[in-house]
Amino acid sequence: MPPSAHPPAILLMGPTASGKTAVAVALATTLPCEIISVDSALVYKGMNIGTAKPDADILNRAPHHLIDIIEPHESYSAAKFRDDALALMREITERGRIPLLVGGTMLYFKALVEGLNDLPEADSTVRLIIETMADEEGWPAVHEKLRKVDPETAARLDPNDAQRIQRALEIYYIAGKSMTDLLKKPKYVYFPYTPIRIVLTPSDRAVLHERIALRFEAMLEAGLVDELRRLREEYGLDAGMPSMRCVGYRQAWDFLDHRISRAELLEQGIAATRQLAKRQLTWLRGMDNVTEFDCLDPQLGEHVLEYLRMELEALVIAGES
């Protein structure tokens with residue numbers, strides 16, 4: 001591509017259990033690509049089983065950026081992802097290679113391509129104040145406080161939606177303005193790439209659901225509960241931390257605390273993962289300029305590769321003309 005043209009970036013998206021990793025590895029071992037993980041759970045060290053993290057053999061064949069970059073007691077945001085991803089994309093492009101962004105965290109994809117509103121970073125002191133309020137009065141009472149300063153945001157939130165209520169009230173306390181007002185400001189968008197958006201979706205939702213069930217069963221057999229037990233002991237985690245809100249870990253936490261049985265852990269873990277897939281598919285249906293592939297196609301990797309070769313060739317020809 002000539003210097004004046006925006007270099008290509010491949011965005012490979014899909015719901016959980018759609019086979020994104022297998023396709024990405026096939027692409028990265030065939031095309032001059034480097035994989036950037038777009039997954040809010042894979043950033044955590046030690047959380048391997050419950051996140052379906054690529055194993056050492058896969059990572060040796062196709063290294064992934066933005067995996068294992070923070071500890072489970074730390075936080076990571078869409079804004080931080082955007083900064084990290086753009087820096088990596090620049091480095092990859094300067095090496096004459098193509099960024100291949102792969103994952104199912106749709107908010108991260110949206111933040112990367114469309115930019116973010118100027119919202120303040122999280123403040124641990126302010127969050128502690130809000131959490132203390134909730135402990136003393138309950139989240140519905142905190143929701144009422146939010147309604148007084150930001151009625152539009154409060155109207156969208158369930159009175160027990162602790163995470164979102166906390167964030168909205170935190171923004172007001174830090175910025176002195178409501179989230180509603182701040183979101184009305186225009187975004188600053190910087191994405192100097194030509195995105196090739198590929199979406200993996202199931203032709204039969206029931207088959208995807210069966211994949212999800214089998215995979216969660218395999219996670220339990222592989223030692224998900226023991227993994228979480230070790231993480232709790234090593235890092236002194238609590239259930240409210242972002243890492244522990246990840247699907248699978250939430251349910252395993254309840255099992256370790258004797259709130260649910262092993263059978264309920266399996267049932268709830270599968271149900272929560274299916275709900276996650278449903279939300280991801282809803283995001284994907286709302287995206288424009290995407291090319292869809294059936295994630296249940298036995299020749300999925302070959303078809304995606306063939307399509308990409310044509311798209312990349314067309315970009316080169318367009319750049320030369």
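Read the figures in this text as sums done on the coordinates, not as results from a lab. Keep in mind it's a predicted model, so treat the numbers as computed, not measured. For neighbour counting, all protein chains shown are included, and Cβ atoms are generated from backbone atoms with ideal geometry for every residue, glycine included.
Okay, here's what the table says:
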| read-out | value |
| --- | --- |
| Residues of type lysines that Lys110 reaches as a straight line, Cα spacing below 23 Å, ignoring anything fewer than 8 places off in the same chain | Lys20, Lys53, Lys80, Lys184, Lys185, Lys187, Lys278 |
| Normalised alpha carbon radius of gyration of the range 19-118 [divisor 2.2 N^0.38 Å] | 1.04 |
| Cα-only radius of gyration and Dmax that characterise the range 244-301, units Å | 15.9, 47 |
| Alpha carbon convex hull of the range 140-240, volume per residue in cubic angstrom | 241 |
| Full-stretch length increase - Arg97, Val290 - with 0.36 nm per residue and alpha-carbon distance subtracted | 67.3 nm |
| 34 Å tail of the calculated P(r), the chain, as % of Cα pairs | 28 |
| Dipole magnitude of the range 140-217, debye to nearest 20 (Cβ charges: Lys/Arg +1, Asp/Glu -1, about Cα centre) | 340 |
| P(r) tail fraction, the range 124-183 - alpha-carbon pairs more than 20 Å apart, % | 14 |
| Label-to-label distance, nm, for residues given as Leu59 and Lys184 (7 Å Cα→Cβ offset) | 4.6 |
| Cα principal axis extents for the range 2-62, largest first, Å | 43, 22, 22 |
| Average projection area in nm² (convex hull over Cα atoms of the range 43-196, one quarter of hull surface) | 11.2 |
| Packing-based ranking, highest mean first, of 295-306, 10-21 given that Cβ atoms within 10 Å are counted | 10-21, 295-306 |
| Ala314 versus Lys110: modelled label distance in nm, points set 7 Å from Cα along the beta carbon direction | 2.7 |
